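Below you'll find the structure, written out as structure tokens, and then a few comments.
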Amino acid sequence: MKFRAKMIDLGCLNHFTRVVNTIAKLTKSCVLRLTPDNLYFVLSVAPGVQRFCVSVNFFDEYQMEGLSPEANEICLEVAPENISRALKTAQNAKAVKVKLTKKHCPCLTLSAELPSLSSISRVVTHDIPVEVIPRRLWHEFKEPTVPDFDVSIYLPPLKTMKNVVDRMKNLSNILVLEANLGGEMNLKIETDLVSVTTHFKDLGNPPWGDSASQSRSQSWDPEAMAHARVDVRKLQQFLIGQQINPSKAMCNIVHNRIVHLILLQEDMSLQYFIPAVA
Amino acid sequence: MPLSTRSQDGDEGCVLAAALDNVRNLSNILKAISFKDHAVFTATRDGLKVTVEDSKCLQANAFIQTDVFQEFALREESVGFQVNLTVLLDCLAIFGCSSAPGVSTALRMCYNGYGYPLTLYLEEGGVVTVCKINTQEPEEPIDFDFCSTNVTNKVILQSESLKEAFSELDMTSEVLQITMSPSQPFFRLSTFGNSGNAHYDYPKDSDMMELFQCTKTQTNRYKMSLLKSSTKALALSCKASVRTDSRGFLSLQYLVRSDDGQICFVEYYCCPDEEVDEE
């Protein structure tokens, strides 16, 4: 197995750092999945609730050789906090190189070439221990396909959504998220003491095109609300992601089954699946 | 952006309808008296009175007069209901607590009468949240029978000085003792805690003292655990009045001025602690 990559663009480096820092806030351990084209961070928040992060073009150079030609991937378990720490020293680096190495154990070695006054650059190297994940477990980390949803809608400003969801959590454990193809979304909670509904309008619905897999939404009544009852805390977890300042945020709902949330930031996407509860 | 005052569904049935451009004028005051879960709301032509009681010995009343509201309409002489105050505060703060400059949450409140929930419409930046909070039969608030003709001692002072004292009070003392007298020590707060006895004296000619009317020397003790509940309102206030009557009952009144200059009052009544004789 081989992996080596290089980043020389400061913007990409900052971006990558922000992503890793956000992930470090969410979990102590995540999986790094390296394929010939992409690098994925996979976070398992709870069984059935996975959060993915796809990165494309973070690196100016990217080469990998997987386990075998038929299984041309590498899966590594790593503590994102360690990558975060290493990236702290690389903030103004001229170049950052990452490669898979074997020291006393398998490691991701990150070396940052830092600017210096003399003609010889300073290089700071970090060895981040990783655990290689055996092939038989790889299916757990595959990127799930976008479900055949009923309604797809752009999310309201995430800061507003986060404020509302944080308050709703004080009142109820279960929240209903519903939306229609007319750009309307409601967040609702209902208990013996109180019912609260927040109405968002004019959100817009993303155009998914005529892909065959989106057949459900084509037969969905545009006025009708597709809804799902979800655990508030899972939605709160997702909203922590608003710290990466996504350029687009959207939500796909499979009526009564799944809420699929997507944050897009340039060439990266963060996807979050929340199953509906009874 | 204020909510339009167009008629909502069921507005016709509202026995109480009120609107505020900035919900914080209400939520800050209510937070100050939220030492218990339940509050009784009484609406009259004068405005809204919110009452919270603790173990039949302490009562807090917040008064939000009609002119604080942008709209206040009442179909009956007096409308009363009881709600869970904690839930109400969460609803009023649904868009978050911190206020970005120029952004405020508008509130419209509607109550259709006995058996109906209290309906709140909150709006910020074009997003509307509707809350329906279940109401209960209002418990009869205690009548402390405190009337101005029975007042033996009264002082009005600037809250600054009281705030300092209350923030330093020895909480290991079970009681707060208040002495009021036409002669020395004039107005004294005392505690008897683990670190010893402490006294805070306010001379009658101090700059902080705006009014001093003490006719008789009185010393009364009040449970610290009860009076602690009054400190949030004290913290919001700029002026305070302290009165005791012939039975030793205490009345604290706080004048609260909001950021946009609105004035509200919060008053507390407290029974003296049983064990002490009056001097």
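The values are calculated or read from the model by the stated rules, or taken from the named source; none is laboratory data. Computed from a predicted structure; not experimentally measured. Neighbour counts run over all protein chains shown; Cβ positions are idealised from the backbone, glycine included. In case anyone asks, the SASA skips ligands and DNA or RNA and just uses the protein heavy atoms, side chains included. Shrake-Rupley method; radii C 1.70, N 1.55, O 1.52, S 1.80 Å.
Does B:L211 satisfy being hydrophobic (A, V, I, L, M, F, W, C) and either crowded, with 17+ Cβ neighbours inside 10 Å or outside any strand (DSSP E or B) (or both)? Spell out the reasoning first.
Details: hydrophobic (A, V, I, L, M, F, W, C): yes; either crowded, with 17+ Cβ neighbours inside 10 Å or outside any strand (DSSP E or B) (or both): no.
Against the criterion (hydrophobic (A, V, I, L, M, F, W, C) and either crowded, with 17+ Cβ neighbours inside 10 Å or outside any strand (DSSP E or B) (or both)), B:L211 does not qualify.
Looking only at segment B:256-263, decide whether some residue is within 28 Å of B:S27 (Cβ to Cβ), among the basic types (K, R) and touching a strand residue (DSSP E or B) at 6+ places or on another chain (Cβ under 7 Å).
So far as segment B:256-263 goes, yes, one or more of its residues are within 28 Å of B:S27 (Cβ to Cβ), among the basic types (K, R) and touching a strand residue (DSSP E or B) at 6+ places or on another chain (Cβ under 7 Å).
Taking the conditions exactly as written (out of contact with any helix residue (DSSP H, G or I) (no Cβ under 9 Å at 6 or more places or on another chain), more than 10 Å from chain B (Cβ to nearest Cβ) and not hydrophobic (A, V, I, L, M, F, W, C)), does A:S172 satisfy them or not?
When the stated conditions are applied, A:S172 does not pass them.
Answer with yes or no whether A:V49 is open to solvent by 10 Å² or more (accessible area, probe 1.4 Å), touching a Lys or Arg at 6+ places or on another chain (Cβ under 7 Å) and modelled with pLDDT under 95.
Values: open to solvent by 10 Å² or more (accessible area, probe 1.4 Å): no; touching a Lys or Arg at 6+ places or on another chain (Cβ under 7 Å): yes; modelled with pLDDT under 95: yes.
When the stated conditions are applied, A:V49 does not pass them.
Looking only at segment B:214-236, count every residue that is open to solvent by less than 50 Å² (accessible area, probe 1.4 Å) and touching a helix residue (DSSP H, G or I) at 6+ places or on another chain (Cβ under 9 Å) and tell me the total.
Going through segment B:214-236 one residue at a time, the tally reaches 5.
Quick one: how many residues across segment A:247-260 are open to solvent by less than 20 Å² (accessible area, probe 1.4 Å) and modelled with pLDDT under 90?
0
Can you confirm whether A:V230 is closer than 24 Å to B:L88 by Cα and more than 14 Å from chain B (Cβ to nearest Cβ)? Spell out how you get there, then give the answer.
Values: closer than 24 Å to B:L88 by Cα: yes; more than 14 Å from chain B (Cβ to nearest Cβ): yes.
Taking the combined requirement at face value, the residue satisfies it.
A quick yes/no check of all residues on (1) in contact with an Asp or Glu (Cβ under 8 Å, 6 or more places away or on another chain); (2) within 18 Å of B:S148 (Cβ to Cβ); (3) in a strand (DSSP E or B); (4) not assigned by TED's automatic domain parsing to the domain that holds B:Q65:
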{"position": "B:T219", "(1), (2), (3), (4)": "yes, no, yes, yes"}
{"position": "B:R247", "(1), (2), (3), (4)": "no, yes, no, yes"}
{"position": "B:L252", "(1), (2), (3), (4)": "yes, yes, yes, yes"}
{"position": "B:D259", "(1), (2), (3), (4)": "no, no, no, yes"}
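Within segment B:100-112, is even one residue away from chain A (no Cβ under 14 Å), open to solvent by 60 Å² or more (accessible area, probe 1.4 Å), in contact (Cβ under 8 Å) with a residue 24 or more places away in the chain and in a loop (DSSP other than H, G, I, E, B)?
no
Quick one: A:K99 ticks every box in (1) in a loop (DSSP other than H, G, I, E, B); (2) surrounded by fewer than 17 Cβ atoms within 10 Å (Cβ to Cβ) bar one, so which box is it?
Just one mismatch for A:K99, condition (1).
Those residues that are part of a strand (DSSP E or B) and either in contact with a helix residue (DSSP H, G or I) (Cβ under 7 Å, 6 or more places away or on another chain) or more than 10 Å from every other protein chain (Cβ to nearest Cβ) (or both), I need them from segment A:186-212; list them, please.
Of everything in segment A:186-212, those that are part of a strand (DSSP E or B) and either in contact with a helix residue (DSSP H, G or I) (Cβ under 7 Å, 6 or more places away or on another chain) or more than 10 Å from every other protein chain (Cβ to nearest Cβ) (or both) turn out to be A:L187, A:I189, A:V194, A:V196, A:T198.
Residues that are open to solvent by less than 40 Å² (accessible area, probe 1.4 Å), at least 3 per element: which strands (runs of 3 or more DSSP E) completely within segment B:37-77 meet that?
B:38-44, B:47-54, B:58-65
Under the condition of being within 14 Å of another protein chain (Cβ to nearest Cβ) and assigned to a loop (DSSP other than H, G, I, E, B), which residue from segment B:128-150 is most open to solvent (accessible area, probe 1.4 Å)?
Per the criteria, the residue is B:N134.
Out of everything in segment A:222-246 that is in a loop (DSSP other than H, G, I, E, B) and hydrophobic (A, V, I, L, M, F, W, C), what residue ends up being most open to solvent (accessible area, probe 1.4 Å)?
Step one: list which residues in segment A:222-246 are in a loop (DSSP other than H, G, I, E, B), which gives A:222-225, A:245-246.
Next, from what is left, pick out any that are hydrophobic (A, V, I, L, M, F, W, C): A:224-225.
Values: A:A224: 33, A:M225: 50 Å².
Per the criteria, the residue is A:M225.
Suppose the filter is touching a Gly at 6+ places or on another chain (Cβ under 8 Å), open to solvent by less than 60 Å² (accessible area, probe 1.4 Å) and in a loop (DSSP other than H, G, I, E, B); does A:G182 pass it? Reasoning before the result, please.
On the way: touching a Gly at 6+ places or on another chain (Cβ under 8 Å): no; open to solvent by less than 60 Å² (accessible area, probe 1.4 Å): yes; in a loop (DSSP other than H, G, I, E, B): yes.
When the stated conditions are applied, A:G182 does not pass them.
Are any residues in segment A:157-169 open to solvent by less than 10 Å² (accessible area, probe 1.4 Å) and either out of contact with any helix residue (DSSP H, G or I) (no Cβ under 9 Å at 6 or more places or on another chain) or part of a strand (DSSP E or B) (or both), and if so, which ones?
A:V164
Quick check on segment B:80-94: of everything there that is outside any strand (DSSP E or B) and within 7 Å of chain A (Cβ to nearest Cβ), which residue is nearest to A:N163 (Cα to Cα)?
First, pick out the residues of segment B:80-94 that are outside any strand (DSSP E or B): B:85-94.
Narrowing the set further to residues that are within 7 Å of chain A (Cβ to nearest Cβ) leaves B:87, B:90-91, B:93-94.
Working: B:V87: 16, B:D90: 11, B:C91: 11, B:A93: 9, B:I94: 7 Å.
Among those residues, the one meeting the criterion is B:I94.
Just to be sure, is B:N153 within 14 Å of another protein chain (Cβ to nearest Cβ), closer than 25 Å to B:K228 by Cβ, touching a residue at least 24 places away in the same chain (Cβ under 8 Å) and crowded, with 17+ Cβ neighbours inside 10 Å?
For B:N153, the condition - within 14 Å of another protein chain (Cβ to nearest Cβ), closer than 25 Å to B:K228 by Cβ, touching a residue at least 24 places away in the same chain (Cβ under 8 Å) and crowded, with 17+ Cβ neighbours inside 10 Å - is not met.
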